[in-house]
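Here's the structure we're looking at; comments come further down.
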Amino acid sequence: MDTFTYTTRPEPATLPLPRPRPRRRPPRRLWGIAVVAATVLGGGLLADGLGVPGAVVLAVFAAAVGAWVLTPVDDTWIALAAVCVLAVTGVIAPADLFATLGADLVWLLIAAFVLAAGLTRSGLVGRFAVALLGRARTVRQLAHLTVVALVVSSLAVPSTSGRTALALPVFGALARALGDRPRVVRAMAVLFPTAVLLSAVSTLIGAGAHLIADQLLRDATGEGVGFLRWLLLGLPLAVVSCHLAAEVVLLLFTSRADRRLRLDWSRDALVVEPAPPSGPWTGPEKHAATTTAAVLALWCTEPLHGVPPALVGLLGALVVTMPPHGEQRVTPAAALKTVPWSLLLFTAATAALGDALVSTGAAGWLAGAGLSPLEHASPELLLVAVVVVSTAAHLAVQSRSARSSVLVPVVIPLAVAAGVNPALAVFASTAAAGFCHTLTSSAKPVALFAEVEGLPTYSARDLLRLSSVLAPLHVALVTAFALYAWPLLGLPITTH
């Protein structure tokens, strides 16, 4: 008889059943934003003289501001979601929403970034920075020459983030050359983003917030500031504020001995990567410099020839990317990769949101509600209030463009009701909102220079120390320009 051997299969081990995951509840801040938006909507519907569209716009506006301030959600996504809600509810027409993507300000930004890419790729920016900073013989000279370089760069390179990207290699070269002077390195680390942010006011393309403010002003009053007038008003403020900031930084972060030490640069002390060209100017450098100079000249002389700045910029972008494309010439594809498309979408969406606030009367109603404490105030006092609030706004709304989208639609009717020139009020608000140095998260340049790998930079305490001195000076300086300098330059305080 055959013998069969039976084996029993071991019973599988009993595995514990997975516990059901608890449902993730929306954070309390989201519930808070929803409650605030619903309250604003209800109050707007009951308010006299506002109407349903105005109430909806105010509710969406309140929700967007709350999301910008309280949530880590991308600012562009929030802005796009807000205008989509307005389009779905019929407050704005879909055609008007999509038209903002083709607005002049969007094309102007695209053209400016392409021009900046051509200028950078040619090596001219690096050559200029090394040649200028290499002339410094003291730490104070180095600080002020850095300010000069960054103010000049603001005329050709749009966006504070773009100029920060160009400035980081230069700062790295300075930090390596000044490695035995840590206090000086820290001071320069603070100065670079400070000057980048304060110099942006010099030109209309210095920040996306400027284009939003100018577009909202144009839509509300029929006349914007324009490139030439912005340059005339903003460049003096940029120069004064940046050099003042340089002195503040030197006094706060360096000793008297540091400032007195002489800088003896060796021939290869400043090593910038990628290395800029040496010797005579190359063909690509001449081409980029000539094109940029021609575009700036045409922007400044718009009243004479009447060609819109966006078209001038587009023609310049075509010229700077024209073939043949050598090692130092930028191609159209490479230049377009440098364009921050997220910023463009954010700019278009926030402009549409601002237009909706103005067109529905919501901004006027909101300004009227906020005017009661200032109804007997003088125009000068109103301007001071606008400057103070706009300077402090960076503590709540991190994005510079978002701050303009929040402030400008309210400032315009507030200024009109108080008898203040709306162009002056908008320009003062936008200039004041350029201060964002208190926290690392307040601005991208501040964040980028706080995390330079392998190089000593600054701490959160350093930023608070700087802001405690520079913020009051910034308020006083912008107020002084608004009350005394800009009226002399053709921007009166009142419209009478």
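Listed values, structure above:
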item: Lone qualifier among Arg218, Arg183 - being touching a Gly at 6+ places or on another chain (Cβ under 8 Å) and at pLDDT 85 or above; result: Arg218
item: Every residue from the stretch 35-50 that is surrounded by 14 or more Cβ atoms within 10 Å (Cβ to Cβ) and not in a loop (DSSP other than H, G, I, E, B); result: Val36, Ala37, Val40, Leu41, Gly44, Leu45
item: Every residue from the stretch 51-83 that is open to solvent by 70 Å² or more (accessible area, probe 1.4 Å) and more than 24 Å from the chain's Cα centre (by Cα); result: Val52
item: The stretch 160-200: number of residues that are within 18 Å of Arg140 (Cβ to Cβ) and of a type in the set (Lys, Arg); result: 3
item: Search result, residues across the stretch 280-327 that are open to solvent by 50 Å² or more (accessible area, probe 1.4 Å) and either at positive phi or touching a His at 6+ places or on another chain (Cβ under 9 Å) (or both); result: Leu298, Gly306, Val319, Met322
item: Residue within the stretch 151-171 that is of a type in the set (A, V, I, L, M), closer than 17 Å to Phe435 by Cα and open to solvent by 10 Å² or more (accessible area, probe 1.4 Å) present; result: yes
item: Pairs with Cβ under 7 Å, 6+ apart, first in the stretch 459-484 and on the phi < 0 side of the Ramachandran plot, second in a helix (DSSP H, G or I) and hydroxyl-bearing (Ser, Thr, Tyr); result: Ala460/Thr440; Leu463/Thr440; Ala471/Thr391; His474/Ser241; His474/Thr391; Val475/Thr391; Leu477/Ser241
item: Val248 under 18 Å from the mean Cα position of the chain (by Cα), part of a helix (DSSP H, G or I), under 13 Å from Ala143 (Cα atoms) and modelled with pLDDT of 85 or more; result: no
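Table: residues versus (1) within 22 Å of Phe171 (Cα to Cα); (2) out of contact with any helix residue (DSSP H, G or I) (no Cβ under 9 Å at 6 or more places or on another chain); (3) surrounded by 19 or more Cβ atoms within 10 Å (Cβ to Cβ).
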{"site": "Ala377", "(1), (2), (3)": "no, no, no"}
{"site": "Val387", "(1), (2), (3)": "no, no, yes"}
{"site": "Thr391", "(1), (2), (3)": "no, no, yes"}
{"site": "Ser399", "(1), (2), (3)": "no, no, yes"}
{"site": "Ile412", "(1), (2), (3)": "no, no, yes"}
{"site": "Asn421", "(1), (2), (3)": "no, no, yes"}
{"site": "Glu451", "(1), (2), (3)": "yes, no, no"}
{"site": "Ser459", "(1), (2), (3)": "yes, no, no"}
{"site": "Leu466", "(1), (2), (3)": "yes, no, yes"}
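The values are calculated or read from the model by the stated rules, or taken from the named source; none is laboratory data. None of these values were measured; they are calculated from a predicted model. All Cβ positions, glycine included, derive from the backbone under ideal geometry; neighbour counts span all protein chains shown. Surface areas here come from the heavy atoms of the whole protein model, side chains and all, with no ligands, DNA or RNA. Shrake-Rupley method; radii C 1.70, N 1.55, O 1.52, S 1.80 Å.
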